[in-house]
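Heads up, the thing below is written out as structure tokens.
The values are calculated or read from the model by the stated rules, or taken from the named source; none is laboratory data. Since this is a predicted model, take the numbers as computed values, not measurements. Here the Cβ positions follow ideal geometry from the backbone for every residue, glycine too, while neighbour counts run over all protein chains shown. Side chains included, ligands, DNA and RNA excluded: accessible areas come from the protein's heavy atoms. Shrake-Rupley method; radii C 1.70, N 1.55, O 1.52, S 1.80 Å.
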Amino acid sequence: VLNLFARMFKDEKDMSDRIYYTSKQVLQDYLAPITNYLTQFGKLFDLKKMPLHIEFRMDDKGAIVPIEVNPLRFAGAGTTELGDFAYGVNPYDYFFDQRKPNWPLLIERMDNQIYSFTCAEFDGEIKIDEGYVVRHDLLKKQFHHILEYRHIPYDSGTTFAVIFFSSDSLAQNEHILSLDFMAFVEEKTSVLL
């Protein structure tokens, strides 16, 4: 295990990639059961030195169900760096150097912050092009402590920014879950001369 993130949803119908986060508590709660599951998973499929991006659902009794398994990749949209911010593990370096994180030591050294990222997305109903402007300046004001703010080009899909941030509690994440990102997108007005 080179990264471990939890995912937040607005409600039971929400399936968006709006918020992922990690923390000392997330690692303490989930690292052991996920590691055990992945050990059995690897044995079942005879996997060795294969990077996998896996998303799980864990119920209240600790039963783990894989939701998504993508071989030969890390987290999407360059978001795997969240672990680098939170606990100093760059998964690319660890994988290519074949190093294993010393999780007990890393967890002991971690602070109590919540480390998160969000993917700010356009409404899928409209086609974003140069006729729109994203008010990144206003969106940045929604965060207490930005670690990194990445502008994403319009032609890269529906995501217009990936924002890494930290906070003292999940309240910041709950606020971001409630945001309408389209409120930060304005249509440019034409000026006739």
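Of all residues in segment 89-107, those that are closer than 16 Å to residue 30 by Cα have Cβ atoms under 6 Å from Cβ atoms of residues that are outside any helix (DSSP H, G or I), 6 or more apart or on another chain, in 101/89. Can you confirm whether segment 10-26 contains a residue that is among the aliphatic types (A, V, I, L, M), surrounded by 13 or more Cβ atoms within 10 Å (Cβ to Cβ) and touching a strand residue (DSSP E or B) at 6+ places or on another chain (Cβ under 6 Å)? Yes; the residues of segment 10-26 include at least one that is among the aliphatic types (A, V, I, L, M), surrounded by 13 or more Cβ atoms within 10 Å (Cβ to Cβ) and touching a strand residue (DSSP E or B) at 6+ places or on another chain (Cβ under 6 Å). Number of residues in segment 27-55 that are of a type in the set (D, E, K, R) and either at pLDDT below 85 or open to solvent by 90 Å² or more (accessible area, probe 1.4 Å) (or both): the value is 4.
Name the residue that is least open to solvent (accessible area, probe 1.4 Å), counting only residues in segment 61-95 that are charged (D, E, K, R) and closer than 28 Å to residue 111 by Cβ. Checked segment 61-95; the qualifying residue least open to solvent (accessible area, probe 1.4 Å) is 81.
In segment 135-189, of all residues being over 15 Å from the mean Cα position of the chain (by Cα) and of a type in the set (S, T, N, Q), the one that is nearest to residue 25 (Cα to Cα) corresponds to 169.
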